[in-house]
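J.: Sending over a structure as structure tokens; questions will come in a sec.
Just so it is clear, none of the values below were taken in a lab; they were calculated from the coordinates. These numbers come from a predicted model, not from an experiment. Using ideal geometry, Cβ is built from the backbone for each residue, glycine included, and neighbour counts are taken over all protein chains shown.
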Amino acid sequence: MIKENKASKYLLYAIGEIILVVIGILIALSINNWNETRKLKQQETTYYCKIKEDLSNDLLNVEKSRASLEERILVLDRFLIHLLKIQDDKSVLLKDYLAAVRSYRFMPSKAAIIDITSSGKLENLKNQELKNSILNYYSELDNALQIIEGNYEVLNKVSEYSNSTDFGIQEVPFYKNVYSEELKSLLKSVEWQKDSNHPIFIEFKNQMNLAMIICEREKQLIKNIKEKAQALMLKIEPFCL
């Protein structure tokens, strides 16, 4: 009986030890899971804040692009008026050439969404509604950029002058200092600006006319981007604290 009593105590002690070990393991797992959950939550918050930062940059770039496009449209309007009034002096047109063909191109900030998707961390964004809003924004952003790029490809095809020397690219103020006086005297352009039926006159008129439409379309697209970026920032704001 004494031996049996001791055996019972040992058995109870062993069971107690096993229970304590199991409890310890469960506590350790619980703490580990809690830590992992906390890390994932912190990472999710960090991602939202990075996306918000990218959106802020997008809004700044949109404003730069909008201002540049508005200025370009004014130059194009002036340029076409001068062109269609027929100029004896080609420099009246060429002084506005670069401003008429160039504007600040909107370039989105996509570092955060690229990092999230390329690293397979998209599933870490647990708020499904917010995640869908983020994905929709970048999908529509890419679509707008494709339209803008496609429009510029069309414009570039229109602006392929048959002869850039006859056109007078070497006489554009920004470029003419590249040439020596002797070379400038040899690279003579033609007086296409005096003849509305000249092929270069027609090409130039078509290019500038199309550029005005494309600039206005780009303004509409980036205005839409701005509105969507602002709406998404408002949704992200409560999650980025």
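J.: For the residue pair D195 and S56, what label-to-label distance in nm results when each label sits 7 Å from Cα along the Cα-to-beta-carbon direction?
T.: Rounded to a tenth, the inter-label distance reads 5.9 nm.
J.: Only Lys, Arg, Asp and Glu count, each charged at its Cβ (+1, +1, -1, -1), so figure out the dipole size of segment 2-239 about its Cα centre, rounded to 20 debye.
T.: Working: 33 positive and 33 negative charges, 224 e Å.
That gives segment 2-239 a dipole magnitude of about 1080 debye.
J.: Give me the compactness ratio for segment 107-152, meaning the Cα radius of gyration over 2.2 N^0.38 Å.
T.: Values: Rg = 12.4 Å, N = 46, 2.2 N^0.38 = 9.4 Å.
Relative to the rule-of-thumb radius for its length, segment 107-152 sits at 1.31.
J.: A further question follows. Counting helices only, and only those DSSP H runs with n ≥ 4, report the 222 nm mean residue ellipticity of the chain as the sum of -39,500 (n - 2.57) divided by its residues, in deg cm²/dmol to the nearest 500. Before the final figure, lay out each step's value.
T.: On the way: 9 runs with 183 residues, N = 241.
Helix contribution divided over all residues of the chain: -26000 deg cm²/dmol.
J.: Calculate, in nm to one decimal, what K110 and D88 gain on full extension: separation in residues at 0.36 nm each, minus their alpha carbon distance. Spell out each step's value before the answer.
T.: Working: separation 22, 0.36 × 22 = 7.92 nm, distance 4.89 nm.
Between K110 and D88, full extension yields an extra 3.0 nm.
J.: Considering the dipole of the chain built from charges on the beta carbon (Lys and Arg +1, Asp and Glu -1) around the Cα centre, which of N61, Q87, I202 is farthest to its positive end?
T.: Final value for the positive-end residue is N61.
J.: While we're looking at this one, here's another question. Which order results if V22, V62, V172 are arranged by neighbouring Cβ count within 10 Å, fewest first?
T.: Working: V22 10, V62 21, V172 18.
Fewest-to-most ranking of V22, V62, V172: V22, V172, V62.
J.: So, one more: Multiplying the sequence separation of K235 and S8 by 0.36 nm and subtracting their Cα-Cα distance, what value in nm do you get? Provide the component values of the computation, followed by the final result.
T.: Working: separation 227, 0.36 × 227 = 81.72 nm, distance 6.38 nm.
Extra length available between K235 and S8 comes to 75.3 nm.
J.: Give me the number: length gained by fully extending Q42 to N224, i.e. 0.36 nm times residue separation minus the C-alpha to C-alpha distance, one decimal in nm.
T.: 62.4 nm
J.: Taking the Cα atoms only, what angle lies between the long axis of helix 128-158 and the longest principal axis of the chain, rounded to 10 degrees?
T.: For 128-158 against the chain, the angle is about 20 degrees.
J.: Here's another thing I want to ask about it. How high is the relative contact order of the chain? Use alpha-carbon pairs under 8 Å, at least six apart in sequence, and give a whole percent. Please report the intermediate quantities before stating the final value.
T.: Working: 175 pairs, mean separation 79.0, N = 241.
Relative contact order here is 33 percent.
J.: Based on the inverse mean of 1/r over its pairs of different Cα atoms, what is the Kirkwood hydrodynamic radius of the chain, in Å? It would help to have the intermediate numbers written out before the result.
T.: Working: mean 1/r = 0.0427 Å⁻¹.
It works out to 23.4 Å.
J.: Kindly flag which residue pairs out of K121/K223; K205/K226; K64/K95; K41/K226 have an alpha-carbon separation exceeding 26 Å in this structure.
T.: Values: K121/K223 30 Å; K205/K226 32 Å; K64/K95 23 Å; K41/K226 29 Å.
Where the Cα-Cα span goes over 26 Å, the pairs concerned are K121/K223; K205/K226; K41/K226.
J.: Taking the simple approach of a point 7 Å from Cα along Cα-to-Cβ for both K184 and V154, what is their distance in nm?
T.: The answer from the label model is 3.8 nm.
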